[in-house]
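The values are calculated or read from the model by the stated rules, or taken from the named source; none is laboratory data. The shown structure was predicted, so the numbers you read here are calculated from the model rather than taken from an experiment. Here Cβ is always computed from backbone atoms with ideal geometry, including for glycine, and neighbour counts include all displayed protein chains. Just the protein is used for accessible areas: all its heavy atoms, side chains included, with ligands, DNA and RNA removed. Shrake-Rupley method; radii C 1.70, N 1.55, O 1.52, S 1.80 Å.
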Amino acid sequence: MLDFKRKFFVASGCILFIVFARLDMGRSGTVLIAIAIAALIFLELFFIRKTLFDVYADALTEHKVVMFFLKHRVINAVLSAIVASWLALYLLIHVNLAAPANLGFFVLLGILLMVLLPSADKLAKSVVKEKPSIAFSRIGLVFIAVLMTVLLDGASNAFLPIDSRIKEAFDEDIPLYVIDDVKHSFLYLQHFLRTLAFLNYNVQSIGLSDQVGSWFQVVKFLLLLSPTPYVAFSLLYLSLSSIGKRRVVAEP
């Protein structure tokens, strides 16, 4: 029961991050929430990469220079920080552009992670040795949960009706719709969001062309597949779930 409560609070905490990322909290608030998300993702990435390379680096190579880049903490930290920052930024952008209904897929992903994490841990421990098992269970869990969520999200986006305001392919009024729909007090973020929204509306508008058939739904499905924000959310969940109980599984 206590374990379920912990998982529920972790999932709820992740959803709160999504809510805060969606809110317009100005430049300072937006930067703060992005840094918090990036820091938590960094902790998980650092843990996974260090665990795997500490265990397998010796088996991969004996070259001192290569070994330095594989096992050195500073290199690990820098690479993890770069990837974590990119994932956090991508998640922030996705959350601010997604339709409110589409944010429900983060709730679905949170439920999948709650349900699948114990099974993933048990399976990894039964197949892989103890030290890397936690890292492998996390990688496998992220892959399965994200794949299921992305396919459902992509399918829902592909078959949604085109915005009723758009009257033709590459409608010249699309910039006006973008201005109406995308507003943020952090102007640099607003400009970036509006650019992406403009591209998205134009992709939608292609479906109104007489030269486009039903096959465009498949193309639209592929174009709108976006696993990155769900990978970021999964790593955020795993990081929060490990706070206070993670033990070092790799030797220093």
In whole percent, how big is the carbon plus sulfur part of the accessible area of region 177-251, probe 1.4 Å, protein atoms only?
63
Per-residue accessible area, 1.4 Å probe, largest first, puts H184, H191, H72, H94 in the order H191, H72, H94, H184
Distance in nm between label sites at I82 and F4, each 7 Å beyond Cα in the beta-carbon direction?
4.4
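Provide, as a two-decimal number, the C-alpha radius of gyration of region 177-251 over 2.2 N^0.38 Å, N being how many residues it has.
Working: Rg = 19.6 Å, N = 75, 2.2 N^0.38 = 11.3 Å.
My calculation over the Cα atoms of region 177-251 gives 1.73.
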Expressed in nm to one decimal, what extension gain is obtained for the pair Y177 and L108 from 0.36 nm per residue of sequence separation less their Cα-Cα distance?
21.9 nm
If the label point is 7 Å along Cα→Cβ of Y188, which residues in region 29-43 have backbone nitrogen under 11 Å from it?
31
Go from 0 up to the bin containing the longest alpha carbon distance in region 140-206, width 10 Å each, and give me the % of pairs per bin.
19, 36, 30, 14, 1
Hey, with R₀ at 30 Å, roughly what FRET efficiency would F143 and R22 work out to, going by the Cβ-Cβ distance, to 0.05?
0.70
